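Enquirer: Just passing along the structure, written as structure tokens.
Since every read-out is calculated from the coordinates, none of them should be taken as a lab result. The structure presented is a predicted model; accordingly, all values stated were derived computationally and were not measured. In this analysis, Cβ positions are derived from the backbone assuming ideal geometry, glycine residues included, and neighbour counts consider all displayed protein chains.
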Amino acid sequence: MNFAIETTNLSKSFGSVQAVNAVNLHVKLGEIYGFLGLNGAGKTTTIRSLLGMIRPTTGTVRILNKEVGPHGKGPWQAVGHMVETPTAYPELSVKENLEIARRLHGIADKSVITRTVEQLKLTPYRNRKAGTLSTGNRQRLGLARALLHRPKLLILDEPTSGLDPAGVVEIREFLAALAREEGVTIFMSSHILTEVARLATRIGIIHEGYLIEELEAQELDALRSQRLEIKTRDLSTAQTVLSQAGYAVTAQENTLMLHDAHAITAPDEVATLLVNAGTPPTQLVVTFENLEDHFLRLTGVHA
Ligand code: ATP
């Protein structure tokens, strides 16, 4: 199997801090891989190791079937990246910033700039100083720079951080189209599961330096457990009545949750109990555990 990214026991420590611990990543060609973890989980350290920006303490990294070695060795002509907040020369325009990137990459064809500016919807801002751009447009400029040389693999660290919801959707759609239409492999980190779940075809979850799960995005739904959510005007009476009837009840804000299979298959019996107790349900719905709860349960943050 040819992987776009493959790490073998990748570890990196900073003094006594073990930031990344024996991580074995497998990113297939053409997939959108969401690399998910809470703040401080080890995402940026992993990404820096993938890009040869820092040297792993132990372990190896292969990118597009080439081993990433010391002295910046790697298939970098085929890789685009955006790590942390993209930096640009603030006094130079969008076009001038991209012109510098074009020369650094040794691209002879000057039309790549116009094409990439159009692709990232930066045309109205092409002559604006980079320092005056909104967060969203600065992020787009970072992506434009990462894409200028038409890489086969794009490695992005939190590409939607700092964007408003509309900006998040726009970047997500852009990346999905890039993978779909041009076959670009995308590896992106995020700390927001719902965001990754909408875009990624595969997901790797890193926690305290360990890769604790690697799964197909469509497996997520099957993993999330079902529950019956109940809203009622008198939550504490309802909780007592349901507990006395033998249900295991948990309360979250103004909602009661039942995980018993019986409650999920026979919510009408729960409703009858509540009606008879004088606290009829105002809402009764079978839902999946939400993605954030699943993620937090996996990482042990929630029981
Ligand atoms: P965030 O989303 O907050 O950036 P992250 O998942 O990217 O989190 P990392 O930045 O990789 O996490 O950090 C992982 C751990 O390694 C943290 O405990 C961090 O403090 C530590 N760390 C990272 N870089 C260094 C460094 N240069 N020196 C010392 N410790 C570091």
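Enquirer: So what is the 222 nm mean residue ellipticity for the chain from helices alone, if each DSSP H run of at least 4 adds -39500 (n - 2.57) and you divide by all residues, rounding to the nearest 500 deg cm²/dmol?
Expert: For the chain, the value works out to -10000 deg cm²/dmol.
Enquirer: What residues qualify as long-range amide H neighbours of TYR247, i.e. H under 5 Å apart, gap of 5 or more or another chain, H built at 1.01 Å from N?
Expert: Placed amide hydrogens put nothing under 5 Å from TYR247.
Enquirer: Give me a comma-separated list of calculated 3J(HN,Hα) values for region 269-281, in order, Karplus coefficients 6.51, -1.76, 1.60 applied at θ = phi - 60°, integers in Hz, x for any Gly or Pro.
Expert: Result, ordered by residue: 5, 5, 4, 4, 4, 5, 4, 5, 8, x, 9, x, x Hz.
Enquirer: For LYS152, give me every one of the aspartates and glutamates with a C-alpha distance below 16 angstrom, ignoring sequence neighbours fewer than eight places off in its own chain.
Expert: Hits, sequence-local ones excluded: GLU6, GLU31, GLU181, GLU182.
Enquirer: Work out from phi, with θ = phi - 60° and the Karplus expression 6.51 cos²θ - 1.76 cosθ + 1.60, the ³J(HN,Hα) of each residue of region 5-12, listed in order in whole Hz, and give x for Gly and Pro.
Expert: Values, residue by residue: 9, 9, 10, 10, 6, 5, 9, 9 Hz.
Enquirer: Once you put a point 7 Å from the Cα of ARG128 and another 7 Å from the Cα of GLU213, both along the Cβ direction, what distance in nm separates them?
Expert: 3.9 nm
Enquirer: If you don't mind, another one. Can you work out ³J(HN,Hα) from phi for every residue in region 131-143, in order, using Karplus 6.51 cos²θ - 1.76 cosθ + 1.60 and θ = phi - 60°, giving whole Hz and x for Gly and Pro?
Expert: x, 9, 6, 5, 3, x, 6, 5, 5, 5, 5, x, 5
Enquirer: Calculate, in nm to one decimal, what ASN276 and LYS231 gain on full extension: separation in residues at 0.36 nm each, minus their alpha carbon distance.
Expert: Taking ASN276 through LYS231 to full extension adds about 14.6 nm, to one decimal.
Enquirer: Further, regarding this structure: Would you please give the FRET efficiency between LYS28 and THR255, computed as 1/(1 + (r/R0)^6) with r the Cβ-Cβ distance and R0 = 45 Å, to the nearest 0.05?
Expert: For R0 = 45 Å, the calculated efficiency reads 0.70.
Enquirer: Once Rh for region 224-298 is found with the Kirkwood sum over Cα pairs, what is the Stokes-Einstein diffusion coefficient at 4 °C and 1.567 mPa s, in µm²/s?
Expert: In µm²/s, the coefficient is 105.
Enquirer: For LEU92, which sequence-distant residues (separation of 5 or more, or a different chain) have an amide H within less than 5 Å of its own amide H, given hydrogens modelled in the peptide plane?
Expert: Counting only residues 5 or more places away or on other chains, the set is ALA130, GLY131.
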